[in-house]
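Below: the structure, in structure tokens.
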Amino acid sequence: MYQPTCLLNTWVQENNELVKKWKVRSRAQTHLRWCSSEFYKLLRKTQGVPPHPDHVHLELSVVYNACVCATVQSQFTEAQLLLTQAIQRALQMTSDDPVAPDLPAFWRKVLRSVVNTAFNSCVLDLLCLQWAMWLATCQLKTIQEFKLSSLVETRGAGVGDDKRSEARGKTSDAPLLVTDPRRLVELLQICTSIAQGAERLSEDQSSEALSGLQKASSLPAPRTLVAYVHLLSGSCLSHMNCPQMALQCYRKALETDSCCVCALYQSMLIYRQLGNTQAEIQALRLLHSMLMLPSATVPALAGTHLFSPSLLLCSQSLSSLLLVPSALSVLHNLALKCALHGRVSEGVEHYLDLLAALHSEDQHGVRVYAEAPRLPRLPELYLEAGAALLMARRSADCMALCNEVISTTLELLPERLVLEDPEERSEAETRDVTAEGEDKMAMLLWAGAAYLLQGHCHTHLKDWKQAVNHFTRCINLLVKVRCKKTDMVVKQGSDLCVLQRLKGLSLAGRGIAFTQTNHLREALRDLLLSLQAFPECVGAGLWCGEVLWRLGRRQEAVACWEKTWSFTTQSSAEGLPLYLREPQSGPLLDSKELRHRIQELGPT
Amino acid sequence: MRATLSFLSSVNKPTGRSPSVLFLGVVVMEGRCAVETWAEFGFPDASRTPRITCARGTDVFICTGSDEAVLQFPSPVSDLVESHDKQLLYVSCGSGVYCVSFPFLLSRAQSSPADACSGPAEVKVPSEFLVVEQESVSSLLLVGSVLLVLSQRDASWLLSLYKTAKEAQCSSYEMLSSFSLPLVSSGDTEGTGMRRRPVLTCVHSGEPKSQSSSSASSSTLADSHFQLDPVLFKLLFGIEAALAKSPVVLCGLPDGRLCFLPLRLPGARLRVLHSLEEPVAFVGLSVVEETCPGHAKCLVVVGEQGRVVLMKTVKGGPEGGGTTAGFIEACVAGPVVCGSVDKHRLYYSTGSDLLVLDLSVGPSGRESRERDDDTSSPTAAALTRPNSLNVCRVMALAAPAHNNAGEVQLLGLSVRGQLQAIVLPVVERRDEALSNQPSAQVGRSVGDLLSAIGDVCQRVSVLKNAIKDKNQILRHLNQVLNVSFLLIASTNSEEHRPGQEKPIRCRALTRWSRLLQKDSLNLTCVLDNSSPYVLEQGWTLSVTVFPVSYSPGAGEESSSTNFSFPFNYLHPGETLEVSLPLAAAGDTSFPMRVSCSLIFSLSSLLREEETIHLPGLQRSCISLPLNTLTVDWLHALQVNNPTTHPINRNATSQSNHYPTDTVKAFLSSHRTRCSGRGESGEKKAEREQHSARIRVSSELLRDTLVDTLEPQGPKLSSENLCISLLDWLLSEHPGGGKIGQQGDRIALSSSCVHARGPNGDSVKLSAKEVHVGEESTGKEEHLSAVEVQLDSSSIATVCGLHHAVLSRIQALLQSAPERTASTVRVQSLGLREALKRAERLSEQIQQSRISGAFGMGTSTGQMSRSLLAVYKELRENPLLII
């Protein structure tokens, strides 16, 4: 039998050549495709002759290589077909024909029938690939039932096997494989642990998940995956209400892999949950700078392994855990937090950075994310930035931003607008689909807010006349809106709520401005109307009392003040945008002085 | 390929003066005529050289005025786009997007050895230039530094954004993001033939405070990105896009959807703006109104089947809700192959015509705005009235350019690959209410119309002339073909029936003439057109003269001489006479063959200026052989006239140098014969007299010569028979037949003729009646025969004449009636003797040839002497020809 051995040798050499070529530049997609087709061709050649015991080793090696190529390209069905057919062919020699209803049963039969044959190890290699495919297609249950890790572990630990494979690597007549099966097993084990942990976590089995993950943390694995393990442990702990321990885990994850941005993001969320604003801002700042690094989102792991974790870890629960908002969104969060928590100038800078990033011609490093759910709409960002600027007493800049919003919207503003009850609209009609009415409403509110901010700016500059002008413009805009029903419920965040708030604030602002120009009657009217539209407006309440006081209606004034003080300040403002908050920049009334006045008035 | 390139280089001239950087591409899909084309205009930069880029199949041609290059890509090219600084070229083909820099290209093109004449340099694009690896890319667009790539996946359209590098680096571009839109089956257009490429354009929001609008608009038009009126921009694409000053990418898909994507807006998605329900053919912006010249006020979308959608701002919406975007739909006659807009007009080509549609008569016109209630109906009506420009087969249009005179110049590419510059006359914009215009305007428009009519008239007359010319050529060609078929048919039939004459044939006669003391033999060829067809202009009679044999000493130089005589018209029954010099005195290269043919040159069908463009045609012609004549020694003989000495004869007296004084002739001939005899006796010592004899049975001669010569009576006397034989021998002309002119007839009075051969040797032809009997058998059977004897001192003359007489008699025998042959009694003994003699002689010849071949024993002189003896012996005892 001279010829078959000769053929065998040429095929083995062909296979080895291909493997060498593959290893030279395995990254390019075209190269991958080319290699894949070459392996397929070789496989067809080797399968052209009837199954022969001498050939089995080569044939299964080629199948392994071809399957790796297909799996890496996410062609799972092709790979699956290849795998089962090759094994069936190989088993024809042992005269067992494993016909099984499903894959696990098939594999069990196969393993039983090859257990003492020469090509047991080859079949086990192929089983690893099956494992990879199950993992990539999220069939965690099958993997679990099969107890794959223990099964393959025995093979990996087998001493004789190790020797044999070493010998195999040295001699040139043994077929080479594109990846080392032992490395693959290691990778599969940790990935399976991670996927299982994520799955359990999403099913609220935090403690089980945690124990599984703790076992996995001792496995040999690349940095990124170890970091994932720590990250998942942290998530389990935070679910189990141990925020400090969770933070520890996140810290470990970051220490293991400095590019693990999601760990940082998760810690930021925990800080927010704990109310540690300064730490939260710090985390946000770090997160943003990390996201701005060019390699932040591309896992560096891909270079070393053929199977990227993204291929093997594709379960929904894990990817939702690993989700990190875009850099712009983080920047916005950072700016908002800074502005809200006393770091106004810093917040202003972040806002300006954000706007600059949005306008930059070529957005360096800032990828345009298709889904950026957290970022508010652009005019709102302008208005928030404007409000922050006003807080930082840069009224000229604020007015410029507001002007931009106004000039953009002004031409499109409707003459009349009917505000419908949002509950009447069906759920399916989202913001995009509904007609321009919604957009018109938003536009009107934006323009109104812009006028309001401008009014505040003029108030800040003590240009009372201009302030009155702008507040009036705002009010004129707002009165174009009619409510369809008179008894609509003012819900937090709804258009109606914003409208009412805007009305209240602008009327209050105008009233205060009138007060400053000594138009007390107009001032009183506006302030009363403001309180009617927005009863919790502190400024309007205090100034209303002041006007009443000045008009000599002191009892009413005292009642008004005391009612205002009884409000829990800022309680309702939590979810509101920055520009709808009461400005702290206008003329202020000192509460102490007012109380003093009340005391002076004495009990009547 | 070559044709396309030459056309492109010829394009340089017209585009050189107009906006200069022309960028144009053609993609041929699957090598068939499904051509997709697009054209883009740039504006002049420092160098005013036009640059043309053109893709076809897997190749891209680039012409920069001075350099040409062909880029070869591994798979068919689907789209190409040029970078803003004109330094990079992005080309998408099957495997992805390649980026080629022009400096690299030119250096490669120049370094590769390519002749100027052998076509442009070919550069294979290496795979390092693959910057985006993506399959089935259908369209490209470059916005700033972002390259947009639209490709079709299994179930979705995928728009990917790539960040371009500053220089042409051989690395993959970084993908910024990608957007997908699920595929909608486009119904019937899916299967039918050509799939339209998606249209990608970029729209910017115009700056509201554009005082320098003219410069701004021109510079942005150069990028092929348009500035849209800000209000309309906001209405169509949303406030956020306007606030972010984001360019918006418009994408017209083959399924009819027009999608848009604000580029710089975080969270933006590819959204459908409108659905045209037919493949989008064109997306453009038009100003429509003059009030704001900087920005386009109208977004125009044209579908393949002719649906036109105008998107404009409509003031005062339906429920008083401020301005809204108005969508005005109209239908024009499709199919729309390509389109282009300028300020007020939409130009589109249906393949068979180029049409222009005035967009300004729409609702933005002042009248229609006043009556708000029906805005769309008059528009739709007006939009369905496009004006034809009468230019057909335009496949692609470039953006129209206005020159200083206000004319609009369009550049179109026709199906055949011609780049056409279409200049539209200055058309005053007419409003619908023509009656409202002042009379001066009406007059002017009437003038315009009249001039338009004049233009049309001119075009019609030009076209008529062209058609007339073509008809003329066809008729001419028909005649030529008729003649050709006739002659070919007669050539074929001639092989079977030799007697039949060709309807167009040549006759010839020979004449000696004397010019400048030199005698020469002239041949007059007569072309006889007895066919029913006219030989028209373009035919040439070609006469080739060559000796039948030539002496080995003369070598090859005495080969053929060619004469050609072009002639204009030869109607049926007419003849054409041409004469040509045949031989000078002393030339003995007879017999000569004169072969005549008719040649038709195809270039004479066309006018001269047309033939210049077809260099191959000038040499192509049809050659039809007529007949071949033989001029032998007899034709070349100069018969000595009894009255005039042949030497003193001059050319002018040639026609009447045969006086009919028979007595004198007889006497003189008798005398010369006597003197000749005496002379011969005298000269025998110094000069050998050669002679040859041919015997022909007189019965045969009687039968045949009576037929051929005019009958001189029922039965010729022997004397007359001899004379008539000599007469026939001397008077027959090449080509058969005799010249009918009486003056040319040689009136022979005696049976002995003295003549001079062409080499000047005198020769005597005599004929006498002899009786040949069969003496051995003793029977009284004897035949009367005429013996022609040739005597001359020159052996060449004797040989030539002998050959000539024999061949004449052979021809006579062929035409002889059958019965003469049947009456012949075979002279068996004479034949046998002759045969024996011939055998001996042949042996002798063989011997001499062998010895000659071995070159031993005999010298050349000896050999020639022995051969001469053989020849003489052959001539001695002539057989009787019966």
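The values are calculated or read from the model by the stated rules, or taken from the named source; none is laboratory data. These figures come from a predicted structure and were not determined experimentally. Virtual Cβ from ideal backbone geometry, glycine too; neighbours counted across all protein chains shown. Protein only, heavy atoms only, side chains kept; ligands, DNA and RNA dropped before computing areas. Shrake-Rupley method; radii C 1.70, N 1.55, O 1.52, S 1.80 Å.
If you check A:210, A:184, A:225, A:237, which single one turns out to be within 19 Å of residue A:322 (Cβ to Cβ), open to solvent by less than 10 Å² (accessible area, probe 1.4 Å) and in a helix (DSSP H, G or I)?
Exactly one of A:210, A:184, A:225, A:237 is within 19 Å of residue A:322 (Cβ to Cβ), open to solvent by less than 10 Å² (accessible area, probe 1.4 Å) and in a helix (DSSP H, G or I), namely A:225.
Just for the range B:129-153: of the residues that are away from chain A (no Cβ under 14 Å) and hydroxyl-bearing (Ser, Thr, Tyr), which one is most open to solvent (accessible area, probe 1.4 Å)?
Selected residue: B:136.
Would you mention how many residues in the range B:460-486 are open to solvent by 70 Å² or more (accessible area, probe 1.4 Å) and in contact (Cβ under 8 Å) with a residue 40 or more places away in the chain?
Total meeting the criteria: 0.
How do the pairs read when you match residues in the range A:451-475 that are more than 15 Å from residue A:389 (Cβ to Cβ) and without any contact (Cβ under 8 Å) to a residue 60 or more places away in the chain with residues anywhere that are β-branched (Val, Ile, Thr) and surrounded by fewer than 18 Cβ atoms within 10 Å (Cβ to Cβ), using Cβ under 6 Å and keeping only pairs 6 or more apart or on different chains?
Matching pairs, first to second residue: A:464/A:517.
So which of A:522, A:546 is assigned to a helix (DSSP H, G or I) and free of Cβ contacts under 8 Å to residues at least 24 places away in the same chain?
A:522
Among the listed residues B:813, B:835, identify the single one that is open to solvent by 60 Å² or more (accessible area, probe 1.4 Å) and at pLDDT 75 or above.
Residue meeting the stated conditions: B:835.
Quick one: in the range B:154-177, of everything that is over 20 Å from residue B:89 (Cβ atoms), open to solvent by less than 80 Å² (accessible area, probe 1.4 Å) and modelled with pLDDT under 80, which residue is farthest from the other protein chains (Cβ to nearest Cβ)?
Checking each candidate, the answer is B:155.
So for the range A:419-432 (the condition being at pLDDT below 85, surrounded by 13 or more Cβ atoms within 10 Å (Cβ to Cβ) and within 14 Å of chain B (Cβ to nearest Cβ)), does at least one residue qualify?
Checked against the condition, which is being at pLDDT below 85, surrounded by 13 or more Cβ atoms within 10 Å (Cβ to Cβ) and within 14 Å of chain B (Cβ to nearest Cβ), the range A:419-432 yields at least one hit.
Using the structure shown, decide if residue B:513 is modelled with pLDDT under 80 and either assigned to a strand (DSSP E or B) or loosely packed, with under 10 Cβ neighbours inside 10 Å (or both).
Yes.
For residue B:532, indicate whether it is modelled with pLDDT of 80 or more and not small (Gly, Ala, Ser).
Details: modelled with pLDDT of 80 or more: yes; not small (Gly, Ala, Ser): yes.
Answer is yes for this residue.
Select from the range A:329-352 the residues that are open to solvent by 20 Å² or more (accessible area, probe 1.4 Å), without any contact (Cβ under 8 Å) to a residue 60 or more places away in the chain and of a type outside the set (Gly, Ala, Ser) and list them in ascending order.
Those that are open to solvent by 20 Å² or more (accessible area, probe 1.4 Å), without any contact (Cβ under 8 Å) to a residue 60 or more places away in the chain and of a type outside the set (Gly, Ala, Ser): A:333, A:344, A:346, A:349, A:350, A:352.
Restricting to the range A:380-416, count the residues that are away from every other protein chain (no Cβ under 12 Å) and not in a helix (DSSP H, G or I).
3
Residue by residue, here is whether (1) modelled with pLDDT under 80; (2) surrounded by fewer than 16 Cβ atoms within 10 Å (Cβ to Cβ); (3) within 14 Å of chain B (Cβ to nearest Cβ) holds:
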| residue | (1), (2), (3) |
| --- | --- |
| A:28 | yes, yes, yes |
| A:37 | no, yes, no |
| A:45 | no, yes, no |
| A:50 | yes, yes, no |
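So which pairs qualify, if the first residue must be in the range B:564-575 and part of a strand (DSSP E or B), the second must be open to solvent by 60 Å² or more (accessible area, probe 1.4 Å), the Cβ gap must be under 9 Å, and the two must be at least 6 apart or on different chains?
What qualifies is B:566/B:537; B:575/B:507.
In the range A:95-135, which residue that is aliphatic (A, V, I, L, M) and open to solvent by 10 Å² or more (accessible area, probe 1.4 Å) is modelled with the highest pLDDT? Working first, answer last.
Restricting attention to the range A:95-135, the residues satisfying the condition of being aliphatic (A, V, I, L, M) are A:99-100, A:103, A:105, A:110-111, A:114-115, A:118, A:123-124, A:126-127, A:129, A:132-133, A:135.
From the residues that got through so far, the ones that are open to solvent by 10 Å² or more (accessible area, probe 1.4 Å) too are A:99-100, A:103, A:105, A:111, A:115, A:118, A:124.
Details: A:99: 67, A:100: 67, A:103: 76, A:105: 76, A:111: 76, A:115: 71, A:118: 70, A:124: 81.
Checked the range A:95-135; the qualifying residue modelled with the highest pLDDT is A:124.
Restricting to the range B:233-267, what's the tally of residues that are open to solvent by 10 Å² or more (accessible area, probe 1.4 Å), hydrophobic (A, V, I, L, M, F, W, C) and part of a loop (DSSP other than H, G, I, E, B)?
2
For residue B:357, are the conditions met, namely being open to solvent by less than 10 Å² (accessible area, probe 1.4 Å), at pLDDT below 85, more than 14 Å from chain A (Cβ to nearest Cβ) and not in a loop (DSSP other than H, G, I, E, B)? Spell out how you get there, then give the answer.
Numbers: open to solvent by less than 10 Å² (accessible area, probe 1.4 Å): yes; at pLDDT below 85: yes; more than 14 Å from chain A (Cβ to nearest Cβ): yes; not in a loop (DSSP other than H, G, I, E, B): yes.
Here the answer is yes, as residue B:357 does meet what is asked.
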